[in-house]
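One structure below.
Readers should treat all values here as calculations from the given coordinates under stated rules, not as data from a laboratory. Everything quoted here is computed from the prediction, not taken from an experiment. Ideal geometry is used to build each Cβ from the backbone, glycine not excepted, and the neighbour counts take in all protein chains shown.
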Amino acid sequence: MFADRIKNLTASGIRKVFDLAAKMKNPVNFSIGQPDFDVPEEMKQAAIQAIQTGGNRYTVTQGLEELRIRIKAELQKSRQFNPESVLVTSGTSGGLLLLMLVLINPGDEVLLPDPYFVMYRHLLNLVGGIARYYNLYPNFQLNPLDIKKLITEKTKLIIINSPSNPTGAVFPEASLRQVAEIAREHNLLVLSDEIYDAFVYDSPHCSIATYYPNKTILLAGYSKSYGIPGWRMGYAAGPGDIIEKMTTLQQFSFVCAPAPAQYGCIKAFDIDMRPQMELYKQKRDLIYQGLVERGFQVTKPSGSFYIFPAAPGGDDQSFCEKAVEHEVLIIPGNTFSSSKTHFRISFAVANDVIVRGLDILAKVAKLM
Ligand code: PMP
C-alpha cells in the first residue's frame, strides 16, 4: 500500500522516549529539545490580538511583509548577511523539507555531520539523496579537510549545523571560513541550520552565510529562542531563485506559516532574551561540571542546550535503557549517529531536575 519513498522511514527515536514520560510518575525528562522558559508576554499579546482582530486568514505565502523586513534587517545586523529573499516557513522543519524537495534529485550527494540532527537523514532518504557524513568525533569540532575529501561530482549540498544538535558544539569563524572556501572552489550550495543561534555561551554566534552569502541558504526559527516550538515558526533566507521555488512549493503544501504566530513573531525582534540565555549558560555549567564530577567522559558544549557524553560501559542502548528504568529519559547516540557510543541529554529543564538527573545517572553508571 505504501509508496517506496516511505519504506525506509522509521519513527523518531526521540519521540519514542518522550512518549514514555507520559507513563511515569516523576520522570527526569532529558529527552526533548524545548526550552523551559515561558513565551515573552509581548509576543503572546500580539498573537492573541491578531486572533481577536482578524489575523486569522491566510497570509501571503512568503509571510507578512513586516516580518520579512524585520528578519532581513536582523540578518544584516547580526551576520552582515544580506539575502536576496526571505520566506517565512512552518518551523525550521518546514524550511528543511521544502529545501530538500526543491534541491535534491535521487542520487545527489549531500554532506552532513555525524552526529547529525535526525531530520536531515530522514528527509534526505525521503527525496532519494545520498548522505555522506563528515566525522565530528571525538571533540565534535569540524575538520574542513574531512569535508573536502568527501566531495565528488555528485555532491550538491553541504549541511552545517552550529550550534549543534545533538553535541552542543559551536564551529568557530576559522572553520566556517575554510568550509566556505571549499564550497566556493567546488561551486556547492550550503544549508546552514542556525536554529540555536541565540544559545551561545563562550563566543558570539558565527554564520557561514557571512562568508559565503551567494550560495548559502540560512534556515532558522523561533521555536527555541522564544520558547514557542508549538507555534511552528521559522524562516529561510538566501538566493532569490531557490527561495522562489521553495515559496511556490509552499503554496501547494503549507500555504503559509500560522498567521497569528507570524503577528506574534514580529514582536520578537524588540525583545531581549539575554537574561534567559544567561540562565541557560548556568545550566550548561551545572550539567557539564556535574557530569565531570561524577566521572563521565564529556566534551563541554558551547551552545544549544544539549550535551553528548560517552555512555558508561560503551553501549548507548544498554545505558539509556537502564536510565529509563530509573526514570531518567535520555536518547541513545545512535539515534543521531552511526556510532553507538554516546547519549544525548537535553538540559532545557529546571536546575533542580538537572541535579536530580545527574545523581540518578551516576547511580546507573555504576551498574554498567
Ligand atoms: N534544526 C535543528 C538542529 C533542530 O534541533 C530542530 C528542532 N529540534 C529543528 C531544526 C526544527 O525546529 P522547528 O521546526 O521547531 O523550528
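Centroid-to-centroid, using Cα positions, the stretch 39-106 and the stretch 293-347 are 33 Å apart. Computed packing ranks the peptides 199-211, 1-13 as 199-211, 1-13, most packed first, by mean other Cβ atoms within 10 Å. Our summary gives the stretch 185-340 a relative contact order of 18 percent, counting only alpha carbon pairs under 8 angstrom and 6 or more residues apart.
The Rg/Rh ratio of the chain, with Rg taken over Cα atoms and Rh as the Kirkwood radius over Cα pairs, comes to 0.96. Applying a DSSP loop filter and a limit of 14 other Cβ atoms within 10 Å to the chymotrypsin sites (Phe, Trp or Tyr not before Pro) in the stretch 316-346 leaves nothing. In whole angstrom, note down how far apart the Cα centers of the stretch 130-153 and the stretch 193-240 are. Rounded to whole Å, the Cα centres lie 21 Å apart. Using the charge dipole of the stretch 68-208 (Lys, Arg: +1 at Cβ; Asp, Glu: -1 at Cβ; taken about the Cα centre), state which of 99, 133, 180 has its Cα farthest towards the positive end. The Cα lying farthest towards the positive end belongs to 99. Evaluating 6.51 cos²θ - 1.76 cosθ + 1.60 at θ = phi - 60° for every residue in the stretch 168-185, the Karplus couplings come out as x, 6, 10, 7, x, 3, 4, 5, 5, 5, 5, 4, 4, 5, 5, 4, 5, 4 Hz, glycine and proline recorded as x. In plain terms, the bigger the Kirkwood radius, the slower the diffusion; for the stretch 220-348, with that radius from Cα pairs, at 37 °C and 0.692 mPa s, Stokes-Einstein puts D at 185 µm²/s. Across all Cα pairs in the stretch 295-340, the calculated P(r) in 5 Å bins from zero up to the longest distance comes to 5, 21, 27, 29, 15, 3, 0 percent per bin.
Once Rh is set to the Kirkwood radius over Cα pairs, what Stokes-Einstein translational diffusion coefficient, in µm²/s, holds for the stretch 1-144 at a temperature of 10 °C and a viscosity of 1.306 mPa s? Please list the in-between numbers first.
Details: Rh = 19.4 Å.
Diffusion coefficient, whole number: 82 µm²/s.
Take the convex hull of the alpha carbons in the stretch 91-217; its mean projected area over all directions comes to 7.1 nm². Only helical runs count toward this figure. For the chain, summing -39,500 (n - 2.57) over DSSP H runs of n ≥ 4 and dividing by all residues gives -12500 deg cm²/dmol at 222 nm. Charged neighbours of residue 61, selected by a Cβ distance under 14 Å, balance to +1 (K, R count +1; D, E count -1).
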